[in-house]
Amino acid sequence: MYTNYTDITAITVAFLDLSSNVAMQPFKMMVGDMVNDDQKSYAYGIQSFLSNTGAVLAAIFPFLFTFLGVANTAKKGVVPQSVVVAFYVGAALLVITSLFTMLKVKEYDPATYALYHGIEEADNQKGESWLTLLKHAPKAFWTVTLVQFFCWFAFQYLWTYSAGAIAQNVWHTTNATSAAYQAAGNWYGVLAAVQSIAAVVWSYVLAKVPNQYHKLGYGGSLLIGATGFASIFFVHNQYVLILSYALVGIAWAGMNTYPLTIVTNALTGKHMGTYLGLFNGSICLPQIVASLASFALFPMLGGSQVNMFLLAGIVMLLGALSVTTIKETYVK
């Protein structure tokens, strides 16, 4: 049954993702600033490896806190205490790790940066409007943005509808206040950990892929992920879902390794920080569009959270196919 709770959830997740991306994406920009073209794929792969290792811990927190005796059920309209505690722990870790990066990472001074990237120091001192920069952005910027749109659109629905879809297909309930629904939510935490573990492993594999096979690794990862998304629609066994989310994790690894590698390779170093800030829109905007579109799509698909995964699988498939539009360039 379609209720306003779904609308509220979609809006809340949209703002959560937006704020999270604003906080984390500058860390990815540092790789583009400080690593040469031959090392970027490896560097972004390792960064994805570390990020997903942290995601494994985050995913199992609600399940772990429930095991330790923290309540995982609550009355209607109240968030279970296990989820509340998990969010507070996550917020604390985000602050601590952000401070560690700010204090420990030593960025190039302007003169060294210019020398490293083969540009004049004055190139980054002259301001340019973002409209001008977008007008002169390399083609790879736009083609990767197209791929990003489909990918992040699909993942927005993964984060929004997973618990409800699992509850509906496996625990056969749509009552968000029931113990069965909360058990489904806890199992999603385990599956999210599985997704992250698969991403950790696959990130390491992708870090070893030679530059000339980036598109194959990128498109192949997304195609595997599309299969995982669509399979969630058909699966009614909680343990078979482990395979589904592992496949989704492979797409996640590809999304965290290749886009910035390809885009930064196509940039000269001039206004790179601004370009990567603009490119961050290819992550935030699809999630906002997906959340807003869900107001129409969710009721159109019968008000069923499971049905949203079939749609997400199709969208991810479009992302995999759109990788063919990318033409990689390397600026020395």
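Structural size metrics of the range 167-274, computed from C-alpha coordinates, are Rg and Dmax of 17.6, 55 Å.
Taking R0 as 51 Å, what FRET efficiency do you get between Leu297 and Asp38 from their Cβ-Cβ distance, rounded to the nearest 0.05? Before the final figure, lay out the partial values.
Details: r = 43 Å, r/R0 = 0.84.
Here the calculated transfer efficiency is 0.75.
Sorted into 5 angstrom bins from 0, the C-alpha pair distances of the range 73-203 split as 2, 8, 9, 11, 13, 13, 12, 10, 8, 7, 4, 3, 1 percent. Run through every distinct alpha carbon pair of the range 227-280 and return the Kirkwood hydrodynamic radius in angstroms, one decimal place. Value: 13.4 Å, from the Cα pair sum. The simple Förster model, with R0 at 22 Å and r as the Cβ-Cβ distance, assigns Asn175 and Ile314 a FRET efficiency of 0.15.
State the Cα centre-to-centre distance between the range 153-179 and the range 58-103 in whole Å. Comparing the Cα centres of the range 153-179 and the range 58-103, I get a distance of 19 Å. Which of rounded, prolate or oblate describes the range 151-200 when judged by the alpha-carbon gyration tensor and an a/c cut-off of 1.5? Note, shape of the range 151-200 comes out oblate.
Per-atom-type breakdown for the range 168-264 gives carbon and sulfur 69% of the accessible area (1.4 Å probe, protein chains only). For the pair Leu146 and Val105, a Förster radius of 45 Å applied to the C-beta separation gives a FRET efficiency near 0.90, rounded to the nearest 0.05. With the alpha-carbon atoms of the chain aligned to their principal axes, the span from lowest to highest coordinate is 63, 40, 36 Å, starting with the largest.
For the chain, with every protein chain kept in place, what is the accessible area per residue (1.4 Å probe, Å²)?
48
Computed from label points 7 Å out along Cα-Cβ, the spacing between Thr112 and Val78 is 5.5 nm. Applying a threshold of 25 Å to the alpha-carbon distances of Lys104/Lys208; Lys106/Lys270; Lys139/Lys215; Lys40/Lys139; Lys106/Lys135; Lys208/Lys270 flags Lys104/Lys208; Lys106/Lys135; Lys208/Lys270 as lying beyond it.
One way to sum up the overall shape of the range 228-332 is the equivalent ellipsoid from its Cα gyration tensor, whose semi-axes run 32, 18, 11 Å, largest first.
Measuring max minus min along each principal axis, the C-alpha atoms of the range 128-229 give extents of 54, 35, 21 Å (largest first). The angle between the Cα long axis of helix 4-34 and the longest principal axis of the Cα atoms of the chain comes to about 30 degrees, rounded to the nearest 10.
The values are calculated or read from the model by the stated rules, or taken from the named source; none is laboratory data. Since the structure is predicted, the reported quantities are computational estimates derived from the model, not experimental observations. Positions of Cβ are generated from backbone atoms using ideal geometry, with glycine treated the same way; all protein chains shown enter the neighbour counts. With ligands, DNA and RNA removed, areas are computed over all heavy atoms of the protein, side chains included. Shrake-Rupley method; radii C 1.70, N 1.55, O 1.52, S 1.80 Å.
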